[in-house]
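To keep things clear, I will list the structure first and then write my remarks on it.
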Amino acid sequence: RVTRAPHPHTHLIRGRNNAHPCAQAVAPREYSPGAAALRAGVCLYFCAIFFFSLVIRGEKDEQAVLCSRDKTYDMKIADTSNMLLFVPGCKTPEQLKADQESCNIIHSQIAGFSNNYWELRRCRPKLKKLRKLLMEDPYEGPDSGKDQTSTVSKYTTEDLLSLVQASEEEILHHLQVIDACRIEGYWRILDFDYEVKLLNHVTQLIDSESWSFSKVPLNVCLQELGPLEPTEMIEHILLSYGRKYTDEGEVYFEMNEDKICRTIAQMLLQNAVKFNLSEFQEVWQQTVPEGMTTRLDQLKGLALVDRSSRPETIFLLKVEDLPEDNQERFNSLFSIREKWTEVDITPYIQDLCAEKQTVGALLTKYARSSTLNGVKVYNSRRPIS
């Protein structure tokens, strides 16, 4: 099922670098009723081989990618000196050996040919757009009149599949990662203030009932907090900040201490340009629920500590706000700070690593290393304006 071709001609698709090696077939470059039928036949041929669809995704201003059910591939036209032929019903040498009746010369009709093909390379799914689309209209709760008056588009799974350059499995997994929920058939992200409000309801109930954070009963939460917020939202916040399990037929949640502390830190940092580090740590520890312990390593990819300033400071720097392109990401980071240690920069580039690629390999390609006061640091390979 092809939703859009990146070029007005259909070419051979050939697997490379983890692409399926069987994905090789040719469709003619000319447009004609016969060519259109052949192109459709090629797509069905692919489906028959793979047992799932291959989809080309991308808007007019985007470089097209090819998606299988669970992977995404960059597409590049490559030329070949050998003419590539499309032969319906073509048999492989192994099939001919098995078929003793076909030992004679076989006369086959050539249905199409080409001197170039699509070369596929496994790539990272382009998921930044997914969050951007959902953040156009974050859900502020049932009491907000915004949902009734808003003219901003809302998105179903099918809408996201047609707009985001990623496979279906990668999109659905990322929706879980960003804690999106489905409301009236549309995927939504909670407004941050509303999310904090829901989380406060839950943590205050845990405190008042003297429950352990490792055993929070779902049914009691829904009964006690149902008059305040929709039960679907209460369960969603428990799923976002806890691990669901069953004990003696009852459903419980084990709350994630690191994630709760991280969200409260974001709440404190979002309205300040910079925060005195020692003062922040003191206020942060006082703000989290009693019994939880705050640590700076809970803030990886969320906040950056500046130990060169006096006094030391901390400020909000979310990895999801940085560019998705590798070079643009490094340019942005080096414009924020000239020299980075590997420990500081890793949370902000780890998501850029391709399959089997390390952070060290990325730094070697996009940064230059040096030593500062006995510590290895990295700076840009090119001038940053």
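Quick notes
- Pair list, Cβ under 6 Å, 6 or more apart: segment 250-278 residue closer than 13 Å to Thr294 by Cβ and part of a helix (DSSP H, G or I), other residue modelled with pLDDT of 95 or more and among the acidic types (Asp, Glu): Leu277/Glu312
- Residue in segment 101-119 that is modelled with pLDDT under 90, part of a helix (DSSP H, G or I) and surrounded by fewer than 17 Cβ atoms within 10 Å (Cβ to Cβ) present: yes
Residue-by-condition table, conditions (1) among the hydrophobic types (A, V, I, L, M, F, W, C); (2) touching a residue at least 60 places away in the same chain (Cβ under 8 Å); (3) buried (at least 17 other Cβ atoms within 10 Å of the Cβ):
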{"position": "Asn326", "(1), (2), (3)": "no, no, no"}
{"position": "Asp344", "(1), (2), (3)": "no, no, yes"}
{"position": "Ile349", "(1), (2), (3)": "yes, no, yes"}
{"position": "Cys353", "(1), (2), (3)": "yes, no, no"}
{"position": "Thr364", "(1), (2), (3)": "no, no, no"}
{"position": "Ala367", "(1), (2), (3)": "yes, no, yes"}
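- Residues within segment 292-311 that are in a loop (DSSP other than H, G, I, E, B), of a type outside the set (Val, Ile, Thr) and more than 10 Å from Ala265 (Cα to Cα), tallied: 9
- Within segment 371-382, residues that are aromatic (Phe, Trp, Tyr) sit with their Cβ atoms under 6 Å from residues that are open to solvent by less than 30 Å² (accessible area, probe 1.4 Å) and in a strand (DSSP E or B), at 6+ positions apart or across chains, in these pairs: Tyr378/Trp340; Tyr378/Ala367.
- Thr287 vs. criteria more than 29 Å from Glu170 (Cα to Cα) and more than 28 Å from the chain's Cα centre (by Cα): yes
- Scanning segment 128-160 for residues that are open to solvent by less than 50 Å² (accessible area, probe 1.4 Å) and free of Cβ contacts under 8 Å to residues at least 60 places away in the same chain yields a total of 14.
- Of the residues Thr358, Thr364, Thr346, the single one that is closer than 25 Å to Ile314 by Cα and hydroxyl-bearing (Ser, Thr, Tyr) is Thr346.
- Residue selected from segment 209-229 under the condition assigned to a loop (DSSP other than H, G, I, E, B) and surrounded by 15 or more Cβ atoms within 10 Å (Cβ to Cβ), by the criterion farthest from the chain's Cα centre (by Cα): Trp211
- Just one residue in the set Arg382, Arg368, Arg310, Arg329 is charged (D, E, K, R) and under 26 Å from Arg131 (Cβ atoms); that residue is Arg329.
- Residue tally, condition open to solvent by 20 Å² or more (accessible area, probe 1.4 Å), within 23 Å of Val288 (Cα to Cα) and touching an Asp or Glu at 6+ places or on another chain (Cβ under 9 Å), over segment 181-197: 4
The values are calculated or read from the model by the stated rules, or taken from the named source; none is laboratory data. Here the structure is a predicted model, which is why all the values come from computation and not from measurement. No Cβ is skipped: glycine too gets one built from the backbone with ideal geometry, and neighbour counts run over all protein chains shown. All accessible areas refer to the heavy atoms of the entire protein, side chains included, with ligands and DNA or RNA removed. Shrake-Rupley method; radii C 1.70, N 1.55, O 1.52, S 1.80 Å.
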